[in-house]
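Asks: Let me begin by handing over the structure; questions about it come next.
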Amino acid sequence: MRATALMIQRMTLDVLFPASADEAATLYGDGEGITVFAGGTIILPEIAAGRLVPERALMLHKSGLDEIRTDGDRVLIGAMVTVAALAEGDDPFLAGAASQVADGEIRRNATVGGNICSPPGDDAQRGDLGGALIALGARVRSTGAGGERTEPVEDFLAGDRAGRLVLELEYDGFERRTGAHSLRRRHAHSYAIAGAVACSRADGSDLRVAVTGVGPTAVRCRSVEQSRDPADVLKDVQPVDDAVATAAYRTAVLPTVVREALDHLEHA
Amino acid sequence: MKAVGARLPRYDGLGHVTGRTQFVDDVRVGKTLWVKALRSTHHNAAITSLDTSKAEAMKGVRAIITHKDVPKNVYGHLEGLGVPGDEPLLADGEVRWLGQPIAAVAAESEAAAQAAVEAMEISYEERPALFDIRNALDPDAPEIHQWGNVYPHYGPYNHRRVRKGDIDRAFDEADTIVEGVYRPQAIEQVPMETQVSLVVPEASGRLTIYSCTQAMYFSMGVVAAHLQVPLNKLKFVGGTVGGGFGGKVDTATETICALLALKARKPVKWRWTREEEFLVSSTRAPWHIELQDAVSKEGWILGRRTVTLHDSGAYARFSPYGLTKHAFHHSGAYTIPNLRFDGFVVFTNRVPTTAMRGFGVTSVSFAVETHMNRIAEVMGLDPWELRLKNANRIGDTSGNGVVLKDPSTVAVTLAAADRVGIELSAEYRGMNEEPRTGALLPEHLVAQQNLNGEGA
Amino acid sequence: MNLIVNGSEVEIVSPPLTPLLHVLRDELDITGPKAGCQQGGCGTCTVLIDGEPRRSCLTAVAAVDGASITTIEGVGQAEELSAVQAAFYKHYAAQCGFCTPGMVLAATALIERKGGPVERDEVLEALGGHYCRCTGYVKIIDAVMAASRGEVDSVDDLPVPEPGQPEVLPKGSPA
Ligand SMILES: Cc1cc2nc3c(=O)[nH]c(=O)nc-3n(C[C@H](O)[C@H](O)[C@H](O)COP(=O)(O)OP(=O)(O)OC[C@H]3O[C@@H](n4cnc5c(N)ncnc54)[C@H](O)[C@@H]3O)c2cc1C
Ligand code: FES
Ligand code: FES
């Protein structure tokens, strides 16, 4: 049985409060021995229960990474922008995806950086925003060993995220058609059973499709993008079992979820 | 009776809406120690060694108890009814369910208590475990309880029996026999307040026990028995329960806290985590219920044979009582003149099971009502008419031999039909609870009408 | 670190990553917020942080240094219930009462934000993260909607207990 106690007193913690993005990057260095603390919705219960005892915690809430900006056509979202801010933001597609995460109270703590950095959960799949970000063709700017780099969200998620500090996300603002569908239990804060999102240019070209909630991270579905056949989603991902749903159930419903998302896009 | 039918404010409502209601976890006394338990990591195992010495030497640790510290370690929730005890407060030599408490620590912080638990050294020899009640009686099933895999203390029997009328004749005379198997599963009650108690040793030598129990006097008896102290040494403070739903009937934390408070001579509190609440608190029992009904083509239920297996988990606790309630309700709200019921309380390597909203009754009601629908379907009858026809009436005799004076099945069924917009024929709509006559008193019910409760 | 809790400024000595829930309950002895799950899943610990409902078990105290915190204790007393509290009382929306502090605070914030009558769907959305195992939610939803319509602004017809008198009995009741 896992330890379940409150471990506040056991934390001999060094907590760092960088006052800017640069300072955060410097303090983070190559990430060795550093635990990033964003909104805390995943990590705080772990720390409080003593399951995670960070050596040094880097708290990002004063680092100025909590802004949504535009630069020409690009939209830039700081890692510390809350999921609530996205849910109330200007982009209806992102707002829709964000408003499916947890419930309003948790979204006021939860951050977009924490969402795409969330480690795989034991009992549910997380990182739902990853899907929408992949569909938008978003890129992640992160720092760590080897310095700063910017890469597509799908590559970041598929790679080894440990040792990276996410600073910002960015995507190109142009007219899109979008579609999304997710299957979840009724309770407003329960995790998705399966979700699919799709974006294309206004003329229907450049289709990008992603699924969430069926595995440890969101996944880009290149087979579906090419064939436009929802059944092909099972070539792109292998759904997993958890407390929310079985792999078999997810496998059975996923093509339908993808079809719904593609239909929404079609009729957008 | 001015209160019945009147709209009264909740006596505790103002406390609740202002957040001033004091739940156990809200009680503040100075220098309270925290409790954590070493729990079994196996479903069924012999404990081959246990060493708490490292934990005892740790900073902040004020008391540790094992089975050796419990004046009367083995006790049973039904000892007051003459049933021998079977369950140790703290495991002694063996564990029978995952999460069973083995030792407990009181320390100056929750963290120190948990660290001490982690420092305890224990080794096990794992044994095969039994999870499915249907396999418990197999010849090659592991024997997991000192009484065998079935609770043996129903008088001369190892099961709860009901015998009424002439069951064989009922089945001989039946036009159709309708069978069904029903398996309601375990449910965790999930009260929003997890199990919690706070025990304060008083200068007078008494213990003040703040408890979230649903069953105050009963819990008091359990603590007194384990501690082997008279009841007047215990002052229970209860009545504020943050949800229970049956999950706070079994005494969960109070006894261990009391022993630690006595040993440490300090106030001691144990609040379970949500994880503990889910994994180790007692759940509603899973059941396996087989029904066989002898039915006439007119839609009379002439007789019912029932075999029930009740999953008690690793120890008896209240399960034998829950099964008795189950037995008394197994004919449902219907008059069935011939009954044969055999119910077994079966042990498995699960967390011991307990009450939840209609202890033992909900499971059999689910089975019976589902079975009524099945009978209607098999016989091509209207399920409402089937129920109304067989419904208990004044003068009918229940399964356990009670002559009914004020049954309400007809009224309730008619009201339900009304609510869901079911149109009934005038004959059925006009039914009431009055004693049976004419077409509603067929041959097979006449005999039981004259029993006056004596023959059952 | 400092917090303004129910209008009073207090200095905090707990370590920076202590959940706000524990700071309130264990450092400040403010026991209205409850520890139902300590992992974000139940809503019994919800408090208002600068007017917005958030889970205190998921919020590190350092992250809200300087913020204004409202717990149920800051909403109203038995003698002067807020509209939401009065509605919960009148509609029997509190049974065991363990979920009630979180529910009342979330509902208060919803009504404040909306500034007028709230719809059923809005209540479901705002309270969807709060579990109640006792009431079945219907009475809670009714209470929030009634409060938002200003239909319950006084509890005159339900008597308030005298100080020191634990039970509230209606006029003319036998005891
Ligand atoms: C009841 C409940 C329901 C939930 N429902 C959902 C849901 O439906 N969908 C969903 O996707 N999630 C859900 N979550 C999970 C979580 O709330 C979100 O994923 C949230 O966005 C995580 O962000 P955070 O800022 O709180 O992360 P934190 O807890 O602060 O951090 C999470 C992890 O990411 C790392 N991290 C955080 N920020 C960075 C960064 N900038 N760079 C590098 N590493 C970083 C941390 O070190 C940690 O390992 C739920 C959580 C709860 C408690
Ligand atoms: S205690 Fe915070 S949500 Fe349950
Ligand atoms: S009133 Fe008991 S949990 Fe809501």
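The values are calculated or read from the model by the stated rules, or taken from the named source; none is laboratory data. As the structure is a prediction and not an experimental result, all values here were calculated from the model. Quick reminder, even Gly has a Cβ in these numbers, built from the backbone with ideal geometry, and neighbours come from all protein chains shown. We work out accessible area using only protein heavy atoms, side chains counted, and drop any ligands, DNA or RNA first. Shrake-Rupley method; radii C 1.70, N 1.55, O 1.52, S 1.80 Å.
Asks: Would you mind telling me which numbered condition in (1) within 27 Å of A:A124 (Cα to Cα); (2) away from ligand 3 (no atom under 14 Å from the Cβ) C:S68 fails?
Replies: Result: C:S68 fails condition (1) only.
Asks: Let me ask another. How about region B:199-223: which of its residues are of a type in the set (A, V, I, L, M), within 20 Å of B:I65 (Cβ to Cβ) and not in a helix (DSSP H, G or I)?
Replies: B:V199, B:V200, B:L207, B:I209 - these are the residues of region B:199-223 that are of a type in the set (A, V, I, L, M), within 20 Å of B:I65 (Cβ to Cβ) and not in a helix (DSSP H, G or I).
Asks: To continue, here is another question. Among (1) surrounded by 13 or more Cβ atoms within 10 Å (Cβ to Cβ); (2) more than 14 Å from chain A (Cβ to nearest Cβ); (3) assigned to a loop (DSSP other than H, G, I, E, B); (4) in contact (Cβ under 8 Å) with a residue 24 or more places away in the chain, there is one condition B:R163 misses while meeting the rest; what is its number?
Replies: Condition not satisfied by B:R163: (3).
Asks: Limited to region C:77-115, what total is found for residues that are in contact with a Ser or Thr (Cβ under 7 Å, 6 or more places away or on another chain) and at positive phi?
Replies: 1
Asks: Sort out which residues of region B:30-45 are open to solvent by less than 20 Å² (accessible area, probe 1.4 Å) and over 22 Å from B:L198 (Cα atoms), and write them in order of number.
Replies: B:S40, B:N44, B:A45
Asks: Somewhere in region C:45-61, is a residue crowded, with 22+ Cβ neighbours inside 10 Å, hydrophobic (A, V, I, L, M, F, W, C), more than 7 Å from every other protein chain (Cβ to nearest Cβ) and in a helix (DSSP H, G or I)?
Replies: Scanning region C:45-61 turns up at least one residue that is crowded, with 22+ Cβ neighbours inside 10 Å, hydrophobic (A, V, I, L, M, F, W, C), more than 7 Å from every other protein chain (Cβ to nearest Cβ) and in a helix (DSSP H, G or I).
One line per residue, one yes/no per condition, for (1) open to solvent by less than 50 Å² (accessible area, probe 1.4 Å); (2) under 11 Å from A:T111 (Cα atoms); (3) more than 8 Å from ligand 1 (Cβ to nearest atom):
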{"site": "A:G40", "(1), (2), (3)": "yes, yes, no"}
{"site": "A:G50", "(1), (2), (3)": "yes, no, yes"}
{"site": "A:P54", "(1), (2), (3)": "yes, no, yes"}
{"site": "A:A57", "(1), (2), (3)": "yes, no, yes"}
{"site": "A:K62", "(1), (2), (3)": "no, no, yes"}
{"site": "A:D66", "(1), (2), (3)": "no, yes, yes"}
{"site": "A:D73", "(1), (2), (3)": "no, no, yes"}
{"site": "A:I77", "(1), (2), (3)": "yes, yes, yes"}
{"site": "A:A84", "(1), (2), (3)": "yes, yes, yes"}
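Asks: If you take the residues of region B:66-118 that are hydroxyl-bearing (S, T, Y) and more than 23 Å from B:L323 (Cβ to Cβ), which of them is nearest to the other protein chains (Cβ to nearest Cβ)?
Replies: Among residues in region B:66-118 that are hydroxyl-bearing (S, T, Y) and more than 23 Å from B:L323 (Cβ to Cβ), the one nearest to the other protein chains (Cβ to nearest Cβ) is B:S109.
Asks: Report yes if C:G76 is away from ligand 3 (no atom under 11 Å from the Cβ), in a loop (DSSP other than H, G, I, E, B), within 11 Å of another protein chain (Cβ to nearest Cβ) and under 13 Å from the mean Cα position of the chain (by Cα), otherwise no.
Replies: yes
Asks: Does C:D26 qualify as being without any contact (Cβ under 8 Å) to a residue 60 or more places away in the chain, within 14 Å of chain B (Cβ to nearest Cβ) and surrounded by fewer than 23 Cβ atoms within 10 Å (Cβ to Cβ)?
Replies: Here the answer is yes, as C:D26 does meet what is asked.
Asks: Oh, and also: Give the residue, chosen from C:A106, C:A93, that is touching a helix residue (DSSP H, G or I) at 6+ places or on another chain (Cβ under 6 Å), assigned to a helix (DSSP H, G or I), within 14 Å of ligand 3 (Cβ to nearest atom) and under 30 Å from B:L8 (Cβ atoms).
Replies: C:A106
Asks: Can you tell me which residues in region C:109-125 are outside any helix (DSSP H, G or I) and either assigned by TED's automatic domain parsing to the domain that holds C:G43 or among the acidic types (D, E) (or both)?
Replies: C:E119 - this is the single residue of region C:109-125 that is outside any helix (DSSP H, G or I) and either assigned by TED's automatic domain parsing to the domain that holds C:G43 or among the acidic types (D, E) (or both).
Asks: Given the structure, is B:T194 in a loop (DSSP other than H, G, I, E, B) and away from ligand 1 (no atom under 16 Å from the Cβ)?
Replies: yes
Asks: To continue, here is another question. Please go through region B:13-36 and pick out each residue that is in contact with an Asp or Glu (Cβ under 9 Å, 6 or more places away or on another chain), within 10 Å of chain C (Cβ to nearest Cβ) and touching a residue at least 12 places away in the same chain (Cβ under 8 Å).
Replies: Residues satisfying the conditions are B:T21, B:F23, B:D25.
Asks: Of the residues C:E112, C:E119, which single one is exposed (fewer than 13 other Cβ atoms within 10 Å of the Cβ) and modelled with pLDDT of 95 or more?
Replies: Unique residue meeting the criteria: C:E119.
Asks: Would you point out the residue of region A:112-125, among those that are touching a helix residue (DSSP H, G or I) at 6+ places or on another chain (Cβ under 7 Å) and under 24 Å from C:C45 (Cα atoms), that is farthest from ligand 2 (Cβ to nearest atom)?
Replies: Here the answer is A:V112.
Asks: What helices (runs of 4 or more DSSP H) completely inside region A:94-205 contain at least 1 residues that are open to solvent by 10 Å² or more (accessible area, probe 1.4 Å) and within 14 Å of chain C (Cβ to nearest Cβ)?
Replies: Per the criteria, A:104-107, A:112-117.
Asks: Which one is nearest to the other protein chains (Cβ to nearest Cβ), of the residues in region C:91-106 that are under 18 Å from B:D26 (Cα atoms) and within 16 Å of ligand 1 (Cβ to nearest atom)?
Replies: That would be C:C99.
Asks: Quick one: which strands (runs of 3 or more DSSP E) lie wholly within region A:43-83 and hold at least 2 residues that are away from ligand 3 (no atom under 16 Å from the Cβ) and in contact with a Lys or Arg (Cβ under 7 Å, 6 or more places away or on another chain)?
Replies: Because the criterion is at least 2 residues that are away from ligand 3 (no atom under 16 Å from the Cβ) and in contact with a Lys or Arg (Cβ under 7 Å, 6 or more places away or on another chain), no strands (runs of 3 or more DSSP E) in region A:43-83 meet it.
Asks: Another question about this same structure. Wholly within region B:48-127, which strands (runs of 3 or more DSSP E) include no fewer than the required count, namely at least 2 residues that are open to solvent by less than 30 Å² (accessible area, probe 1.4 Å)?
Replies: By residue number, B:61-65, B:101-107.
Asks: Working carefully through the options A:A138, A:A102, A:A194, find the one that is aliphatic (A, V, I, L, M) and either within 16 Å of ligand 2 (Cβ to nearest atom) or without any contact (Cβ under 8 Å) to a residue 12 or more places away in the chain (or both).
Replies: Only one candidate passes the filter, namely A:A102.
Asks: Would region B:135-151 turn up any residue that is within 19 Å of the chain's Cα centre (by Cα) and either within 14 Å of chain C (Cβ to nearest Cβ) or surrounded by fewer than 14 Cβ atoms within 10 Å (Cβ to Cβ) (or both)?
Replies: There is no residue in region B:135-151 that is within 19 Å of the chain's Cα centre (by Cα) and either within 14 Å of chain C (Cβ to nearest Cβ) or surrounded by fewer than 14 Cβ atoms within 10 Å (Cβ to Cβ) (or both).
Asks: Could you tell me which of the residues C:Q85, C:Q39, C:Q95 is more than 23 Å from A:A38 (Cβ to Cβ) and either surrounded by fewer than 22 Cβ atoms within 10 Å (Cβ to Cβ) or hydroxyl-bearing (S, T, Y) (or both)?
Replies: The unique qualifying residue is C:Q95.
Asks: Suppose we keep only residues that are in contact (Cβ under 8 Å) with a residue 40 or more places away in the chain, open to solvent by less than 20 Å² (accessible area, probe 1.4 Å) and more than 11 Å from every other protein chain (Cβ to nearest Cβ) within region C:127-146. Which one would you say is nearest to C:V84 (Cα to Cα)?
Replies: C:V144
Asks: Could you check B:V190 against (1) in contact (Cβ under 8 Å) with a residue 24 or more places away in the chain; (2) more than 16 Å from ligand 2 (Cβ to nearest atom); (3) more than 23 Å from B:V345 (Cα to Cα) and say which number it fails?
Replies: (2)
Asks: Ok, one more. Those residues that are open to solvent by less than 10 Å² (accessible area, probe 1.4 Å) and under 12 Å from the mean Cα position of the chain (by Cα), I need them from region A:211-220; list them, please.
Replies: A:V211, A:G213, A:A218
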